[in-house]
Amino acid sequence: MVTCWARSIGNCSTKQSLEHFISANLFGREVAVRGFRWCPSEFKTIGIGSAGAKILCTTHNTALSELDQAAGRAKRVLGEMARAREDRVVTLRVLGPRRFRVRRYAIDGHLIERWAIKCLAGLFSATGQDEDRWSRTQTDPIEPPPALVNAAFGVNKLTYPMGLYYAHRIGQAVEYSDGLRLEPLLDGGSTNPKNEIPGTQPRTGLAAMLFMFLGIRFVIWLSSEPINLFKPRGADVSGMGRLTFAYRPLTVTIDQGGVPSQALNLTW
Ligand SMILES: [Zn+2]
(Lines give C-alpha, C1' and ligand atoms only; values in the text may rest on other atoms or scores of the structure.)
Protein backbone atom coordinates (compact mmCIF):
# COMPACT_ATOMS: atom_id res chain seq x y z
CA MET A 1 0.00 0.00 0.00
CA VAL A 2 1.41 3.36 -1.07
CA THR A 3 1.38 6.12 1.52
CA CYS A 4 0.75 9.56 0.04
CA TRP A 5 -0.40 12.79 1.69
CA ALA A 6 -1.87 13.90 -1.67
CA ARG A 7 -4.26 10.93 -1.85
CA SER A 8 -7.33 13.23 -1.71
CA ILE A 9 -6.41 14.53 -5.19
CA GLY A 10 -6.57 11.02 -6.67
CA ASN A 11 -4.44 9.22 -9.27
CA CYS A 12 -1.75 7.99 -6.89
CA SER A 13 0.80 5.74 -8.55
CA THR A 14 1.48 2.26 -7.18
CA LYS A 15 5.06 3.23 -6.41
CA GLN A 16 6.25 4.83 -3.21
CA SER A 17 8.61 7.77 -3.49
CA LEU A 18 11.40 7.93 -0.93
CA GLU A 19 12.46 11.51 -1.41
CA HIS A 20 13.63 13.56 1.53
CA PHE A 21 10.62 15.48 2.80
CA ILE A 22 12.16 18.95 2.68
CA SER A 23 14.15 20.09 -0.34
CA ALA A 24 17.30 18.74 1.32
CA ASN A 25 19.26 19.22 -1.88
CA LEU A 26 18.76 22.95 -1.33
CA PHE A 27 19.55 23.20 2.33
CA GLY A 28 21.68 20.22 3.24
CA ARG A 29 22.22 20.20 6.97
CA GLU A 30 20.76 23.64 7.36
CA VAL A 31 17.16 22.68 8.09
CA ALA A 32 16.22 23.14 11.74
CA VAL A 33 12.83 22.51 13.35
CA ARG A 34 11.32 23.60 16.67
CA GLY A 35 7.81 23.25 18.05
CA PHE A 36 6.80 19.60 17.66
CA ARG A 37 6.61 17.17 20.57
CA TRP A 38 10.06 15.85 19.59
CA CYS A 39 11.63 19.33 19.59
CA PRO A 40 9.46 21.49 21.86
CA SER A 41 11.82 24.33 22.73
CA GLU A 42 15.19 23.86 21.02
CA PHE A 43 15.90 23.83 17.29
CA LYS A 44 16.80 20.35 16.03
CA THR A 45 18.64 19.94 12.77
CA ILE A 46 17.22 17.56 10.20
CA GLY A 47 20.22 16.22 8.32
CA ILE A 48 20.36 15.41 4.65
CA GLY A 49 21.34 11.90 5.72
CA SER A 50 17.98 11.06 7.28
CA ALA A 51 16.19 8.32 5.46
CA GLY A 52 13.60 9.15 2.88
CA ALA A 53 10.13 9.20 4.33
CA LYS A 54 7.19 7.31 2.87
CA ILE A 55 4.88 10.25 2.42
CA LEU A 56 4.26 10.70 -1.33
CA CYS A 57 3.72 8.40 -4.29
CA THR A 58 6.03 8.89 -7.28
CA THR A 59 3.32 10.63 -9.38
CA HIS A 60 2.61 13.28 -6.77
CA ASN A 61 6.26 13.67 -5.82
CA THR A 62 7.18 14.36 -9.45
CA ALA A 63 4.26 16.78 -9.82
CA LEU A 64 5.70 18.90 -7.00
CA SER A 65 9.28 19.04 -8.22
CA GLU A 66 8.73 22.47 -9.82
CA LEU A 67 8.25 23.81 -6.29
CA ASP A 68 11.75 22.76 -5.27
CA GLN A 69 13.09 24.54 -8.33
CA ALA A 70 11.15 27.66 -7.30
CA ALA A 71 12.56 27.39 -3.78
CA GLY A 72 16.04 27.08 -5.29
CA ARG A 73 15.52 30.31 -7.25
CA ALA A 74 14.16 32.07 -4.15
CA LYS A 75 17.14 30.83 -2.16
CA ARG A 76 19.53 32.45 -4.64
CA VAL A 77 17.63 35.76 -4.54
CA LEU A 78 17.34 35.81 -0.73
CA GLY A 79 21.02 34.86 -0.52
CA GLU A 80 21.93 37.88 -2.68
CA MET A 81 19.75 40.06 -0.44
CA ALA A 82 21.45 38.71 2.66
CA ARG A 83 24.92 39.41 1.27
CA ALA A 84 23.89 42.93 0.24
CA ARG A 85 22.54 43.53 3.77
CA GLU A 86 25.89 42.46 5.21
CA ASP A 87 27.68 44.86 2.85
CA ARG A 88 25.46 47.72 3.93
CA VAL A 89 25.98 46.95 7.61
CA VAL A 90 29.71 47.33 6.97
CA THR A 91 29.14 50.54 4.94
CA LEU A 92 27.08 52.05 7.77
CA ARG A 93 29.70 51.09 10.32
CA VAL A 94 32.61 52.51 8.33
CA LEU A 95 31.04 55.55 6.68
CA GLY A 96 28.21 56.44 9.07
CA PRO A 97 24.50 57.13 8.36
CA ARG A 98 23.53 57.66 4.75
CA ARG A 99 20.76 57.17 2.20
CA PHE A 100 20.98 54.07 0.04
CA ARG A 101 19.91 53.44 -3.51
CA VAL A 102 17.19 50.84 -2.87
CA ARG A 103 18.16 47.51 -4.40
CA ARG A 104 15.24 45.59 -5.88
CA TYR A 105 14.71 41.84 -5.97
CA ALA A 106 11.83 39.64 -7.09
CA ILE A 107 10.48 36.20 -6.24
CA ASP A 108 7.34 34.28 -7.16
CA GLY A 109 5.26 34.47 -3.98
CA HIS A 110 2.63 32.04 -5.19
CA LEU A 111 5.18 29.29 -5.87
CA ILE A 112 6.81 29.94 -2.49
CA GLU A 113 3.39 29.63 -0.84
CA ARG A 114 2.86 26.27 -2.57
CA TRP A 115 6.37 25.16 -1.61
CA ALA A 116 5.71 26.16 2.02
CA ILE A 117 2.61 23.95 2.02
CA LYS A 118 4.64 21.08 0.56
CA CYS A 119 7.26 21.48 3.32
CA LEU A 120 4.61 21.62 6.02
CA ALA A 121 2.67 18.61 4.74
CA GLY A 122 5.90 16.65 4.24
CA LEU A 123 7.35 17.51 7.61
CA PHE A 124 4.12 16.75 9.49
CA SER A 125 3.43 13.53 7.55
CA ALA A 126 6.98 12.29 8.15
CA THR A 127 7.38 13.24 11.81
CA GLY A 128 3.84 13.56 13.23
CA GLN A 129 2.96 11.26 16.10
CA ASP A 130 -0.17 9.40 17.10
CA GLU A 131 -1.86 12.24 18.97
CA ASP A 132 -1.00 14.82 16.33
CA ARG A 133 -3.77 16.26 14.14
CA TRP A 134 -4.32 18.94 11.54
CA SER A 135 -6.24 21.64 13.41
CA ARG A 136 -8.64 22.39 10.56
CA THR A 137 -9.88 18.88 9.86
CA GLN A 138 -8.76 16.95 12.97
CA THR A 139 -7.23 14.36 10.63
CA ASP A 140 -3.98 12.42 10.97
CA PRO A 141 -0.73 14.05 9.83
CA ILE A 142 -0.73 12.00 6.58
CA GLU A 143 -4.20 13.40 5.71
CA PRO A 144 -3.86 17.18 5.32
CA PRO A 145 -7.05 19.20 4.76
CA PRO A 146 -8.06 18.73 1.07
CA ALA A 147 -8.00 22.53 0.55
CA LEU A 148 -4.33 22.44 1.50
CA VAL A 149 -3.50 19.55 -0.83
CA ASN A 150 -5.28 21.33 -3.69
CA ALA A 151 -3.34 24.50 -2.95
CA ALA A 152 0.00 22.66 -2.91
CA PHE A 153 -0.73 21.26 -6.38
CA GLY A 154 -1.96 24.60 -7.72
CA VAL A 155 -5.53 23.30 -8.22
CA ASN A 156 -6.96 26.10 -6.06
CA LYS A 157 -5.48 28.96 -4.12
CA LEU A 158 -6.00 29.19 -0.38
CA THR A 159 -8.56 31.87 0.43
CA TYR A 160 -8.02 34.69 2.95
CA PRO A 161 -7.09 34.56 5.79
CA MET A 162 -5.33 31.33 4.82
CA GLY A 163 -2.13 31.63 2.84
CA LEU A 164 1.34 33.10 3.11
CA TYR A 165 2.23 36.10 5.28
CA TYR A 166 5.42 38.09 5.55
CA ALA A 167 6.23 38.38 9.26
CA HIS A 168 8.52 40.87 10.91
CA ARG A 169 9.23 42.44 14.21
CA ILE A 170 8.94 46.22 14.15
CA GLY A 171 12.21 47.91 14.90
CA GLN A 172 14.19 44.70 14.75
CA ALA A 173 16.92 44.35 12.18
CA VAL A 174 16.57 41.40 9.81
CA GLU A 175 19.26 38.96 10.88
CA TYR A 176 21.08 36.83 8.42
CA SER A 177 20.74 33.13 9.05
CA ASP A 178 21.83 30.29 6.87
CA GLY A 179 19.35 27.79 5.62
CA LEU A 180 15.81 27.15 6.72
CA ARG A 181 14.22 27.24 10.16
CA LEU A 182 10.75 25.80 10.58
CA GLU A 183 8.45 26.33 13.54
CA PRO A 184 5.16 24.45 13.38
CA LEU A 185 2.46 26.24 15.38
CA LEU A 186 0.04 24.07 17.31
CA ASP A 187 -3.15 25.59 18.63
CA GLY A 188 -5.12 24.65 21.71
CA GLY A 189 -8.25 23.58 19.88
CA SER A 190 -9.16 26.80 18.18
CA THR A 191 -7.12 29.72 17.03
CA ASN A 192 -9.88 31.85 18.51
CA PRO A 193 -10.48 30.92 22.18
CA LYS A 194 -14.01 32.44 21.99
CA ASN A 195 -15.02 29.66 19.59
CA GLU A 196 -14.20 26.85 21.95
CA ILE A 197 -17.26 24.94 23.09
CA PRO A 198 -17.35 24.69 26.88
CA GLY A 199 -17.21 21.16 28.22
CA THR A 200 -15.83 19.60 25.05
CA GLN A 201 -12.45 17.96 24.79
CA PRO A 202 -10.12 20.66 23.51
CA ARG A 203 -8.84 19.82 20.05
CA THR A 204 -5.23 20.51 19.40
CA GLY A 205 -3.62 20.58 16.06
CA LEU A 206 -1.28 22.05 13.53
CA ALA A 207 -2.58 25.47 12.50
CA ALA A 208 0.39 27.14 10.83
CA MET A 209 4.13 27.13 10.31
CA LEU A 210 6.66 29.89 10.71
CA PHE A 211 9.50 29.86 8.16
CA MET A 212 12.81 31.62 8.50
CA PHE A 213 14.22 31.44 4.98
CA LEU A 214 17.72 32.98 4.87
CA GLY A 215 16.75 35.54 7.46
CA ILE A 216 13.34 36.44 5.97
CA ARG A 217 10.30 35.27 7.97
CA PHE A 218 7.10 33.93 6.43
CA VAL A 219 4.09 32.21 7.98
CA ILE A 220 1.87 29.76 6.17
CA TRP A 221 -1.51 30.11 7.89
CA LEU A 222 -4.16 27.38 7.61
CA SER A 223 -7.00 28.61 9.79
CA SER A 224 -10.16 30.50 8.83
CA GLU A 225 -9.61 32.67 11.94
CA PRO A 226 -7.50 35.83 11.62
CA ILE A 227 -3.81 35.23 12.16
CA ASN A 228 -3.52 37.80 14.96
CA LEU A 229 -5.91 35.75 17.13
CA PHE A 230 -3.46 32.84 17.25
CA LYS A 231 -3.09 31.42 20.74
CA PRO A 232 -0.43 28.72 20.92
CA ARG A 233 -0.79 25.58 22.95
CA GLY A 234 1.66 26.02 25.80
CA ALA A 235 4.47 28.55 25.81
CA ASP A 236 4.92 30.71 22.74
CA VAL A 237 8.56 29.90 21.98
CA SER A 238 8.10 31.08 18.39
CA GLY A 239 7.52 34.71 19.41
CA MET A 240 4.43 34.86 17.14
CA GLY A 241 2.76 37.30 19.53
CA ARG A 242 5.48 39.88 18.86
CA LEU A 243 5.33 39.72 15.07
CA THR A 244 3.50 41.93 12.58
CA PHE A 245 2.02 40.25 9.51
CA ALA A 246 1.42 41.27 5.91
CA TYR A 247 -0.81 39.00 3.80
CA ARG A 248 0.69 38.17 0.38
CA PRO A 249 2.48 41.53 0.17
CA LEU A 250 3.44 42.87 -3.26
CA THR A 251 6.55 44.51 -1.84
CA VAL A 252 8.56 43.95 1.32
CA THR A 253 10.88 46.87 2.13
CA ILE A 254 13.84 46.26 4.38
CA ASP A 255 15.42 49.18 6.19
CA GLN A 256 18.99 49.51 7.22
CA GLY A 257 20.23 52.19 9.57
CA GLY A 258 16.68 53.59 9.60
CA VAL A 259 16.43 54.12 5.83
CA PRO A 260 15.06 51.85 3.08
CA SER A 261 17.80 49.63 1.72
CA GLN A 262 16.18 46.76 -0.16
CA ALA A 263 12.82 45.95 -1.72
CA LEU A 264 11.59 42.46 -2.45
CA ASN A 265 8.77 42.27 -5.01
CA LEU A 266 6.48 39.25 -4.88
CA THR A 267 4.04 38.03 -7.50
CA TRP A 268 0.86 36.19 -6.49
ZN1 LIG B 1 -0.09 10.12 -4.52
Hey, GLN262 closer than 27 Å to TYR105 by Cα, modelled with pLDDT of 90 or more and not β-branched (Val, Ile, Thr) or not: yes
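Yes or no, residue by residue, for (1) surrounded by fewer than 19 Cβ atoms within 10 Å (Cβ to Cβ); (2) over 18 Å from the mean Cα position of the chain (by Cα); (3) modelled with pLDDT under 90:
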site: VAL102; (1), (2), (3): yes, yes, no
site: TYR105; (1), (2), (3): yes, yes, no
site: ASP108; (1), (2), (3): yes, no, no
site: ILE112; (1), (2), (3): no, no, no
site: TRP115; (1), (2), (3): no, no, no
site: LYS118; (1), (2), (3): no, no, no
site: ALA121; (1), (2), (3): no, no, no
site: SER125; (1), (2), (3): no, no, no
site: ASP132; (1), (2), (3): yes, yes, yes
Any residue in the range 224-240 that's buried (at least 17 other Cβ atoms within 10 Å of the Cβ) and of a type in the set (Asp, Glu): show its pairings with residues that are assigned to a loop (DSSP other than H, G, I, E, B) and modelled with pLDDT under 80 at Cβ separation under 9 Å, as long as the two are six or more apart or on different chains. GLU225/SER190; GLU225/THR191; GLU225/ASN192
Filter result (farther than 30 Å from LEU148 by Cα and either among the charged types (D, E, K, R) or surrounded by fewer than 15 Cβ atoms within 10 Å (Cβ to Cβ) (or both)) within the range 64-88: GLU80, ARG83, ARG85, GLU86, ASP87, ARG88
Reported set for the range 223-259 where residues are of a type in the set (Lys, Arg) and at pLDDT 90 or above is ARG248
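The values are calculated or read from the model by the stated rules, or taken from the named source; none is laboratory data. Source: prediction; values computed, not measured. Every residue, glycine among them, receives a Cβ derived from its backbone with ideal geometry; neighbour counts consider all protein chains shown.
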